[in-house]
């Protein structure tokens, strides 16, 4: 039976919808039809990422050969992520659900577990110790650890920052070389060098870069030491200042010394004295004492002078006192020994500089001649290097001295009462280094200071406010004594004493002032107390007088200053030793009378000075002890302001009998020594 063809089915047209709705949906449907025609669902499905299970992964491990044969590697253990991972067929979740789950996973990863402050500090300590050990072990290989230590210091924890600063300080002090690293130019970078040189250059540049960042961090943290800063910021600033001070003392030769000095000078620019201020001041004093070439001292003094001038001299007095620790030409003033010389120590195997026979090296005549020539060349090179270093050091110290004297003269011209003591002490110490052309101006300035001191001390019509200001801000007695010391120090310099005959300097004004101040100074109850002495205020004195003076001229007491002034007047150097007998007799009589009112130690020191005076000039003043040798008439006037007009030879030294009955054995023995010197000089 033949197969009949299948009946053809007719396509039925769908019924017409609502005309209103068809009109509205026709544009949307047409747009959907056009886009759907371009879809490629199979290709999109093929491009989707696949998450293969553990079974689909190929093992990259090779078989191992043992004595028993080849052993296949064990299959890798499956993790929870692999077990939960969906296959490439998908888990049936939509793309939106997958996106939401990924966002939640990212948020979970971003949320780090909170760590306590104590745990952060412990972890920072361990990490810093590990990095520091690596750097100390081999700095060139682990130079990147310096950057890692700096990153730890960027923590928000203040304690971690302090630990990072201190750790970096210890590391840099250990690895910094003994020379200054210069920056490489473009020509140096293009030059072909060996592998070792390139490695060393890279290490040095990374070291300088890390050190510069560290110094900048110290400068940024040190600015927080203001009075209104919080406790954490102030403590961090104290640590930063301490690190800067340690760096300046340990490695003053290295790079960025100026930035470290700027940290210390900025701290010294404020008048509030605290622990950080004292630490910076002591650091500069140590730098001045230990500086040999004078380069660091010149840079520090230059910055200090600029800061003092910018502050209009409104700084603490101790800042100027740091200049007293400078090594200005002190090395050249040291005299050599007349009995011995410094020589290198001989070896144990050598005897009187001669080598033993068994240790002598055989050399031909040509080798001996060559060695002799090399030795002569080395000697000339050493002498040339020494000459250059001496010239450079002298130049540095001369520039430093100019800056110091310029600051002193400006303060004298500005008449700052709070700084007068420090300036006078500095001039008294470095007066022998001043050029002779400035002697006239300096003496006139000193005379003005002494005159103003006498006026302020003897003025009866001064108001109470003026007295309080003079008592608190200035100590006129000490300043006047320093003026006398400075005036006589001008004539006791290295070259000034040789040219004493050519100099016409009249110091009678200072001698007369010292003679007039002997009685008032002897009645001073604080004559043995310095500015740093601990004492209780006087309850019966006014508030201004009872308050301890913060004007620290120097640590020497008034007695020491008085003895220095009297030694300059009565015992000048040998080249200037032409003291008239009237002056010696007048001062001797006044000092013996003043010794009756002095405390025990001051009285002993004063009689010791009189003992040296009578030993040198005993023949000139012997008539004051023995009346049969006296010549002249009249009456002795102890209150006369003029030395020559007091007629000292008309008086008698009756104070010696009272001093011989003093309660102190030292005073009694010193009084007998004065009389013994006079008796021996007859």
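The values are calculated or read from the model by the stated rules, or taken from the named source; none is laboratory data. None of the values given here were measured: they were computed from a predicted structure. Glycine also receives a Cβ, built like all others from the backbone with ideal geometry; neighbour counts cover every protein chain displayed.
Being modelled with pLDDT of 70 or more, surrounded by 15 or more Cβ atoms within 10 Å (Cβ to Cβ) and assigned to a loop (DSSP other than H, G, I, E, B) narrows it down to one residue among 527, 511; which is it? After ruling out the rest, the residue left standing is 527.
Yes or no, residue by residue, for (1) touching a strand residue (DSSP E or B) at 6+ places or on another chain (Cβ under 8 Å); (2) touching a residue at least 24 places away in the same chain (Cβ under 8 Å); (3) part of a helix (DSSP H, G or I):
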{"position": "211", "(1), (2), (3)": "no, yes, yes"}
{"position": "225", "(1), (2), (3)": "no, yes, no"}
{"position": "248", "(1), (2), (3)": "no, yes, yes"}
{"position": "258", "(1), (2), (3)": "no, yes, yes"}
{"position": "278", "(1), (2), (3)": "no, no, yes"}
{"position": "314", "(1), (2), (3)": "no, yes, no"}
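Restricting 566, 592 to residues that are within 44 Å of the chain's Cα centre (by Cα), outside the structural domain of residue 528 (by TED's automatic domain parsing) and surrounded by 15 or more Cβ atoms within 10 Å (Cβ to Cβ) narrows the list to 566. Scanning segment 376-411 for residues being modelled with pLDDT under 85 and in contact with a helix residue (DSSP H, G or I) (Cβ under 7 Å, 6 or more places away or on another chain) gives a total of 0.
Kindly indicate whether residue 605 is under 18 Å from residue 563 (Cα atoms) and over 49 Å from the mean Cα position of the chain (by Cα).
Here the answer is no, as residue 605 does not meet what is asked.
Screening 380, 392, 373 for residues that are farther than 29 Å from residue 317 by Cβ and surrounded by 13 or more Cβ atoms within 10 Å (Cβ to Cβ) leaves exactly one candidate, 392. For segment 660-678, the tally of residues that are more than 50 Å from the chain's Cα centre (by Cα) and touching a residue at least 12 places away in the same chain (Cβ under 8 Å) stands at 5.
Residues checked against (1) assigned to a helix (DSSP H, G or I); (2) within 16 Å of residue 393 (Cα to Cα); (3) modelled with pLDDT of 90 or more:
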position: 273; (1), (2), (3): no, no, no
position: 282; (1), (2), (3): yes, no, yes
position: 285; (1), (2), (3): yes, no, yes
position: 293; (1), (2), (3): no, yes, no
position: 299; (1), (2), (3): yes, yes, yes
position: 303; (1), (2), (3): yes, no, yes
